[in-house]
Structures are given as C-alpha cells and as structure tokens.
Amino acid sequence: MKRPRGLSLAQASGWLFADLLLMLVIVVLGGQSSKDGDTPPCPGCPSPSAAPSTSSASSSPSATTTPPASAAAPGLDPHSESITVRDVDVVGVLAHEPRALAHVEREVRRQTARFEGRHAALVLVWGVAASCPSCRGIDLSHSQRLADEIAPRVRSYDPAFFPEDDPKLIRPYHDGGGTRNTVRLELFFVRA
C-alpha cells in the first residue's frame, strides 16, 4: 500500500486504527435490534407484534406497554416435562434382555403420547438403580450404566418426537435420590 504524501508511518498507522475502530463501531451498532421490535432478532424469526398503546389521564398518549421478555425470546424453554418409567429391571436392561428393554420402550411411548404435535429439543436421561441383586442400596455406577444403556435407544422409540441421537441432545446421568429402579426422561422443548 502506498503511503499518502506528507504523512509519516506513525501517522498513517494512527489513521488506519481510527478507521478500523470506526468500522467496528458501525458493525456493532448495525447489529443491535431496534427498541420498537420491528426487526426480528434473527433471520427467519417471526417479528414481534407491535405493542398496543395505552392512554389515560395519568399517562401520556405515546406510552406503550411491552410484552414480557419471555414471550418475545424464542429458545429453549427452561421449564421441563418428565416421563418416569418405574419398576425397571436394571439387571435385564444392562444384560440387553429384550423383555426388560421392551418394558422401558413401551412406557416411554405411552407417556409421550400426551405431547402429540411437539418435538423434544433436549432430553436428559436419569437412571436410578435403587436395588438390584449385584448391588447394595443405590449404586451410582449401576445408575449411570442404566442411563448410558437407555439414552442411545431413546430416539428409536419415537423419531418424530425425540431429537437426533447426539450426546449433546440426549444426555445420560445417574440419580442417587430414588428408592425404586426407574428411568426418568426430562424433556425440554423449544419455546415458540
């Protein structure tokens, strides 16, 4: 790059950094969404509806009410739903016995029927091995192994309802707080 006449190298580099800073400010300001909500927060996201204006003797005619932040922000709903399969044959599931695995699948299918038309975005699989012949009391390693065994099978129970089989979307955990052999699926949905 040819340096302009009359400017030293230090002066030219100063102007270069000033121009870069100005460009950065413009990019940051251009990325901000408008306060009135006319611009959707992301491409393809629905535009929030215009807030109704309220007028009364105590408020100005231009005062507006805004919807709650949770109504306008799409994303993962922090409130989860649960499915609990009780009386799980832990030893049978860990040994891949068809009868034990079929019991879990049947119960999960039965209980997901109440969420018809919805799609789980994140599933946490909690295993509780409260009692089994090979362990005393709640054994966290058996609880984790139970969850590890069920988690990869969850998607096959209902591919339209459960997310793709990905360790980021279907995660196995052990639960040491139960008193019965159970598998609990904690379901998180996308907030519309």
| query | Looking only at strands (runs of 3 or more DSSP E) that fall completely inside the stretch 100-192, which ones have 1 or more residues that are acidic (Asp, Glu), modelled with pLDDT of 90 or more and closer than 20 Å to Arg86 by Cα? | reply | 182-191
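Does Ser70 satisfy the criteria of being in contact with a strand residue (DSSP E or B) (Cβ under 8 Å, 6 or more places away or on another chain) and either within 17 Å of Val154 (Cα to Cα) or modelled with pLDDT of 90 or more (or both)? Walk me through it before giving the result.
Values: in contact with a strand residue (DSSP E or B) (Cβ under 8 Å, 6 or more places away or on another chain): yes; either within 17 Å of Val154 (Cα to Cα) or modelled with pLDDT of 90 or more (or both): no.
Criteria not met by Ser70.
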| Between residues in the stretch 148-166 that are at negative phi and residues that are acidic (Asp, Glu) and surrounded by 15 or more Cβ atoms within 10 Å (Cβ to Cβ), which pairs lie under 7 Å by C-beta distance while being six or more apart or on different chains? | Tyr157/Glu105
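Given the options Leu94, Leu9, Leu24, name the one that is surrounded by 11 or more Cβ atoms within 10 Å (Cβ to Cβ) and modelled with pLDDT of 70 or more.
Numbers: Leu9 fails: surrounded by 11 or more Cβ atoms within 10 Å (Cβ to Cβ); Leu24 fails: surrounded by 11 or more Cβ atoms within 10 Å (Cβ to Cβ).
The unique qualifying residue is Leu94.
The values are calculated or read from the model by the stated rules, or taken from the named source; none is laboratory data. This structure is a prediction, so every number in the text was calculated from the model and none was measured. All Cβ positions, even for glycine, are placed from backbone atoms using ideal geometry, and neighbour counts span all protein chains on display.
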